[in-house]
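The values are calculated or read from the model by the stated rules, or taken from the named source; none is laboratory data. Everything quoted here is computed from the prediction, not taken from an experiment. In this analysis, Cβ positions are derived from the backbone assuming ideal geometry, glycine residues included, and neighbour counts consider all displayed protein chains.
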Amino acid sequence: MNIVKQTIISLIFAMLFIFPASASTDNVFPMDGQSYGGNVRSGPGTNFSQVGDLSEGDHVVIIKDAGVMMNAYGWFEINYGDGKTGFQWGKLLCSSSAYSGIYQQCAGDDAGGQNSTNKLSVTFVEHSGGSFTSNGDGTWTEKGTDGAANTYVEQGRDNTNINLYDSARNVHLQFDLRQMIILYVNGDGPAQSLYRITHAS
């Protein structure tokens, strides 16, 4: 009986070394990055249809590793433009943190736009779909190009971000004034890049 137990224990230890648990990437993504240009695909590979294209220097949010490799680089799901989603090959990307399968870590502020605005004094944020204006009482009003308006409560700010909340819709927004993007969270869902900020003052 002892020999059987020892054999089983030995097999378990051997399997642990042969098949180590894969490292989780849940705490890595999403992360900011930049494209070096090229096609955006509907899926992780050149056999998928083109759904967009990016220019060198365009900001992206890298959502996840698709788990598909091509010539030593991976395919990644990205958010780009005004909330669009697609896939781009890792050799055409840099990321804010080094990650296997992505060409390289972005240098300096390449992972996002540069903006000299004093972030602590921002009261107006403009994007392609409208604008946000501080009302001076801790609330902000969003006005869309279609005339629709929503009200948010400012929950805090620092040298990089302004955080807003709409309790009626359970929507959180974050103005990332370093990357010049607006992140959107619906309830407990994942953060998504909603708009590119075109002006902040």
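Residue count for region 146-189 satisfying the condition of being part of a loop (DSSP other than H, G, I, E, B) and surrounded by fewer than 12 Cβ atoms within 10 Å (Cβ to Cβ): 11. Selection over region 75-101 of residues that are free of Cβ contacts under 8 Å to residues at least 40 places away in the same chain and buried (at least 21 other Cβ atoms within 10 Å of the Cβ) gives a count of 3. Remark: pairs (first residue in region 131-142, surrounded by 14 or more Cβ atoms within 10 Å (Cβ to Cβ); second residue assigned to a strand (DSSP E or B) and of a type in the set (Lys, Arg); Cβ separation under 7 Å; 6+ apart in sequence or on different chains) = Ser131/Lys143.
Conditions (1) in the same structural domain as His127 (by TED's automatic domain parsing); (2) within 29 Å of Gly130 (Cα to Cα); (3) part of a strand (DSSP E or B), marked per residue:
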{"residue": "Ser35", "(1), (2), (3)": "no, yes, yes"}
{"residue": "Gly52", "(1), (2), (3)": "no, yes, yes"}
{"residue": "Ile63", "(1), (2), (3)": "no, yes, yes"}
{"residue": "Ala66", "(1), (2), (3)": "no, no, yes"}
{"residue": "Glu77", "(1), (2), (3)": "no, yes, yes"}
{"residue": "Tyr99", "(1), (2), (3)": "no, no, no"}
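The number of residues in region 175-196 that are free of Cβ contacts under 8 Å to residues at least 40 places away in the same chain and farther than 14 Å from Gly83 by Cβ comes to 2.
Looking at the structure I just gave you, is Gly57 assigned to a strand (DSSP E or B) and at pLDDT below 90?
yes
The set of residues from region 26-42 being surrounded by fewer than 17 Cβ atoms within 10 Å (Cβ to Cβ), closer than 18 Å to Gln192 by Cα and among the small types (Gly, Ala, Ser) comprises just one member, Ser42. When region 136-145 is limited to residues that are more than 15 Å from Leu120 (Cα to Cα) and assigned to a loop (DSSP other than H, G, I, E, B), the one that is modelled with the highest pLDDT turns out to be Asp137.
Per the conditions (1) touching a Gly at 6+ places or on another chain (Cβ under 6 Å); (2) of a type outside the set (A, V, I, L, M, F, W, C); (3) under 22 Å from Glu77 (Cβ atoms), the sole criterion not satisfied by Gln174 is (1).
For the condition over 21 Å from Pro190 (Cβ atoms), outside the structural domain of Leu194 (by TED's automatic domain parsing) and among the β-branched types (Val, Ile, Thr), Thr85 does not qualify. Evaluate the following for Thr25: is it modelled with pLDDT under 60 and either hydroxyl-bearing (Ser, Thr, Tyr) or over 13 Å from Tyr80 (Cα atoms) (or both)? Against the criterion (modelled with pLDDT under 60 and either hydroxyl-bearing (Ser, Thr, Tyr) or over 13 Å from Tyr80 (Cα atoms) (or both)), Thr25 qualifies.
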